[in-house]
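Chemist: One structure coming up, written as structure tokens, with questions to follow.
Just so you know, all these numbers are worked out from the coordinates, no wet-lab data involved. Keep in mind that this is a model prediction, so the values were computed, not measured. Cβ placement follows ideal geometry from the backbone for every residue including glycine, while neighbour counts extend to all protein chains displayed.
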Amino acid sequence: MTNSLEKPSPLEVIRLGHPVLRQVAEPVPEEFFGTDRLADLSRDMIRTMLSEDGVGLAAPQVSENLRLFVYWVPGDDDHPDIAPQFLANPEIKPAGDLVEVGWEGCLSIPGLRGLVPRFSRIKVSARDLEGNPVSLTADGFHARVMQHEFDHLDGIVFLDRMESPASLAYEHEWERYVLNQPDDAQGSDL
Ligand code: NI
């Protein structure tokens, strides 16, 4: 899928240092589900995520102190794209103890990449725009994206999850010196 709707981002993505990124967000109240306000926020967050070339965006990143996020997952040889999704009030549990280390970036920490350990497989329960319960199991990059976005709801950023700051790299240098190793080809702003 294309990463750009060729329109400016409808919402401003705040960057590290803004206090909202370090707050624990509030649950989406029951009365918000099924409203135009929530649908508009979801649409604007998806447009912002795509126009900024991100694969995930959590409400605190657009100064909304609510427990919700949007994401999409680019496909690979074995999997089709997962179209943009909205999840509110998510709960995440690891499914097994397998942990994978992979590259992450963040739209709120532009230009940097770092290696972050995440559970390989997770179970997620959440609510959709109408408030209907959603449950799913995710693995690999899909699971990584959701764990990264979930952390934003608790005021946590990927830098906090790195085992060591030694892998931290600027995107330009990362592309030049790291990305040419085939196993390290993942790394996206979330
Ligand atoms: Ni992020």
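Chemist: State, to one decimal in nm, how far the label point of residue 161 lies from the label point of residue 178, with both points 7 Å from Cα in the Cβ direction.
Modeler: The answer from the label model is 1.5 nm.
Chemist: As an exercise, use a Förster radius of 41 Å and the Cβ-Cβ distance of residue 97 and residue 18 to find the FRET efficiency, rounded to the nearest 0.05.
Modeler: For residue 97 and residue 18, the calculated efficiency is 0.75.
Chemist: Place a point 7 Å from the Cα of residue 132 along the Cα-to-Cβ direction; which residues of segment 84-107 have their backbone N under 18 Å from it?
Modeler: Flagged as within label range: 84-90.
Chemist: Does segment 1-140 come out rounded, prolate or oblate by the C-alpha gyration tensor, with a ≥ b ≥ c the root eigenvalues, rounded set by a/c under 1.5 and, if not, prolate when a/b is larger than b/c and oblate if not?
Modeler: rounded
Chemist: Shape verdict for segment 5-85, please, from the Cα gyration tensor: rounded (a/c under 1.5), prolate (a/b greater than b/c) or oblate.
Modeler: Since a/c reaches 1.5 and a/b is larger than b/c, the shape of segment 5-85 is classed as prolate.
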